[in-house]
Amino acid sequence: MPLKELEVKYAPRRQRPYKLSDGGGLHVLVQPNGSKLWRLKYRFNGKEKLLSFGKYPDVTLATARAKRGEAKALLADGVDPAALRQAEQKEPSVGFGDCLTGSTMPFRRHDR
């Protein structure tokens, strides 16, 4: 049975972490300290994997469901969502060469 927003909001703390499932591999992990983390459990190339979407309430139930849909679409296209996320995080936004262009270049001294 799909989760309701209030079930997630008022999920009680327990001594051990536990999961509240929404279906389709999406669940919220409730930690003993009360924090809640959205995760998607899926299989890719025969291996079971987990993809985290963020903490509740920063990521709402509707947002987590939308992210699950995006991840499932990637899986249908044969793309691992976790590997795609890692590749995006590894790309530098500004490289070292970008820092040496523009106004800093005229001040370099070559006469040493």
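Just so you know, all these numbers are worked out from the coordinates, no wet-lab data involved. Everything quoted here is computed from the prediction, not taken from an experiment. Using ideal geometry, Cβ is built from the backbone for each residue, glycine included, and neighbour counts are taken over all protein chains shown.
A few comments on the model shown:
- Vicinal HN-Hα couplings computed from phi for the stretch 55-67 (Karplus, 6.51 cos²θ - 1.76 cosθ + 1.60; Hz; Gly/Pro x): 8, 7, x, 4, 10, 7, 4, 5, 5, 4, 5, 5, 5
- Cα lying deepest toward the dipole's positive end in the stretch 5-91, options 78, 30, 66, charges on Cβ: 30
- Here the stretch 5-91 yields Rg over Rh of 1.00, to two decimals, using C-alpha coordinates and the Kirkwood radius.
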